[in-house]
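Working notes, structure below.
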Amino acid sequence: MIIAMLAVLIVYNVMSRNLGFGSLGWIMEGSEYALGVATFLGAPWVLYENAHVRIDILYNNLPSQAGRRLEILINLCGAAIAIVFLYFMMNVGVEYYTRGTRVFKAFVFPEWWTFVIPVLSFGLLIVEFLRRFWRLVVGDT
Amino acid sequence: MEWHLALTLLIGGLIVLMAIGLPVVFGFLAINIVGAYLFLGGEMGLMQMARNTAGAVNSFSLIPIPLFVLMGEILFHTGLAFRAISAIEGLIARVPGRLSIVSVLGGTAFATLSGSSIANTAMMGSSLLPDMLKRGYHPSIAMGPIMAVGGIAMLIPPSALAVTLGSLAGISIGGLLIGGIIPGLLMGLAILGYVVIRCLHNPALAPMDDIALPSGWERWRPFCVYVLPLFGIFVLVVGSMLIGWAEPTESAAFGAVAAALAALFYGRLNKDSLIKSLMETTKISVMILFVLVASTTFSQLLSFSGATSGLLSVVGGWELTPLMLVLCMLLVLLILGCFADQISMIMITLPFFMPLVASLGLDPIWIGVLFLIAMEISFLTPPFGLLLIVMQGVAPPGITLTQVYKAALPFLLLQLMVLMMVVAMPWLATGLSSLMQ
């Protein structure tokens, strides 16, 4: 799905350049949102693939038992961070929703929409961090 | 809170979190949470952080990142890049260190088509290195040039890191991309020169091979079929920016489509290679872009906590000349580069560097290109230089990391030399981009 998103984003861009060749405002803005959507949706997948940049020198130099404990801690930290973001993103989203603010650019739409994908992203990140945490804990016993 | 305490908390905390192995982006996000609570006004600050985060990458100027990465990945996964390199190999004969020279020329050629140093090194390392070692090349003359030339990919457009830097620093992205060309080529020449001199001096490093190459048209045909058209893509991407015909985002879109069309035209584009290219592109782009999600709040924190102005007033008190200041900035980058990844380097230093650059009236493109070269060097500095690790990953078993470090060392010095040349002669970086309309 994420790949499809990015593919759509790119085709979208290219179409706009090659067909119109003009800077149609809504295409520029649309591709900006698409980039945000792709990034937020991609982040949990990249975590799943273990591809987020990290410095693993400490982990590689610890004995395996301590290394596993460190990993457990890291995944818990990750989940906690994602929970805080989820909480405040939802708060802001709900605030926009109740106030009924709208974005007035090329597209006009309720502002809380812009928080749906980031909230989903952090939600999935929590799930993935907890899944890794759980696998490590179960592996421990 | 005093500014130096704030600075220690923000930067020191970040370093600790990174060192224990938390993915870099979550290190930044964690610091953002703590910092937003302390410096941006408690819960209100955290709400502000959430707003920043949701909108941080919705930026038109960042769109070339996935497009540039895609361009290189398509050429890599469809095998077109391999064809181009073997076409170049067919042209080089009867010179000392033949395959090392091929790796420099091929690597530079691929750098003009790929925005990723990692892809470049992985490809050259997996395609040429086994052959070189089999023919008795010394590991240092076999691996060194491949790693060194890998870094050039981020200097010569297309370059995903140049786009990131330009976008966050508010430097003209087109200017920065164009500005990297001459230093990049200079780097390629320096590496080439070094390889030739070393091999002439000590032929045992790279045993001469006497393979018979076809002559005449048969020899040039692959070059004309595979290299020249691909070079056309580079001309399209850079040319359209240079004459002011397209914005960087637009020329990146052209480049990605042209690469896909080229692959289609050569009959190499199929579902598998396309999916593989898209997957890798997503992975690399999200790796970069998701870190940027944390960037807005992080630089706000440095500024609201007084850390930026505090540190800048101390530096201002030293009354350094602009040249000394530039050298200091580069030193900071080089030291940071030994430990941090490139995006973190950008995010930590820019909030301090850009006000300095503005107050001194330095040319931002010159500084940007120096920044890029310093980041390129950081790819090769032990212990964490990314290309060193990539190289060891693709090298045949038996090559130790120490051997990889040793192989990179002379090339590290060459890159420092080019860095100093650009410091001394800013026109190397700014000359070409001043031609832009």
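The values are calculated or read from the model by the stated rules, or taken from the named source; none is laboratory data. Since we're looking at a predicted model, the values are computed, not measured. Neighbour counts run over all protein chains shown; Cβ positions are idealised from the backbone, glycine included. We work out accessible area using only protein heavy atoms, side chains counted, and drop any ligands, DNA or RNA first. Shrake-Rupley method; radii C 1.70, N 1.55, O 1.52, S 1.80 Å.
What to note about this one:
- For the peptides B:11-17, B:58-64, B:303-309, the ranking by mean Cβ contacts within 10 Å, running from highest to lowest, is B:58-64, B:303-309, B:11-17.
- Across the stretch B:260-270, computed HN-Hα scalar couplings (Karplus, 6.51 cos²θ - 1.76 cosθ + 1.60, θ = phi - 60°) run 5, 5, 4, 4, 5, 4, 7, x, 9, 8, 10 Hz from first to last residue, x flagging Gly and Pro.
- For the stretch B:266-358: accessible area per residue (Å², 1.4 Å): 41 Å²
- With Cα atoms, 0 to 90° folded angle of helix B:307-317 axis to chain B main axis: 80 degrees
- Ordering of B:132-139, B:283-290 by packing is B:283-290, B:132-139, highest average first (other Cβ atoms within 10 Å, averaged per residue).
- Per residue accessible area in Å² of the stretch B:168-216, where ligands, DNA and RNA are left out and the probe is 1.4 Å: 46 Å²
- Across the stretch B:397-402, rounded Karplus estimates of 3J(HN,Hα) from the backbone phi angles (6.51 cos²θ - 1.76 cosθ + 1.60, θ = phi - 60°) give x, x, 7, 8, 5, 4 Hz, Gly and Pro being marked x.
- Computed lengthening from B:Ile275 to B:Met425, 0.36 nm per intervening residue step minus Cα-Cα distance: 49.6 nm
- On Cα atoms only, tilt of B:117-134 relative to the major axis of chain B in degrees: 30 degrees
- Relative contact order (%) - chain B, alpha-carbon pairs under 8 angstrom, separation at least six: 27 percent
- Sequence-separation-based contact order of the stretch B:120-204, relative, with Cα cut under 8 Å and 6+ spacing, percent: 27 percent
- For the segment B:197-207, counting C-beta atoms of other chains within 10 Å of every residue's C-beta and taking the mean gives 0.
- Charge dipole (debye, nearest 20) of chain B; +1 at Cβ of Lys and Arg, -1 at Cβ of Asp and Glu: 900 debye
- For the stretch B:5-57 and the stretch A:44-110, distance of Cα centres in Å: 12 Å
- Across peptide B:52-65, the average count of Cβ atoms from other chains found within 10 Å of a residue's Cβ is 5.
- Chain B: angle of helix B:80-89 to the longest principal axis, Cα-based, in degrees nearest 10: 50 degrees
- Per residue of A:41-52, other chain Cβ atoms within 10 Å of the residue Cβ number 5 on average.
- Residue order by solvent-accessible surface for B:Tyr194, A:Tyr97 is A:Tyr97, B:Tyr194, largest first, with ligands and nucleic acids left out and a 1.4 Å probe.
- Inter-centroid distance (Cα atoms) of the stretch B:202-270 relative to the stretch B:110-158, Å: 16 Å
- Under a 5 Å amide H cut-off, with hydrogens placed 1.01 Å from N, A:Val103 pairs with A:Phe109, A:Glu111 among residues at least 5 apart or on other chains.
- Value at 222 nm in deg cm²/dmol, rounded to 500, when DSSP H runs of n ≥ 4 in chain B each add -39,500 (n - 2.57): -23500 deg cm²/dmol
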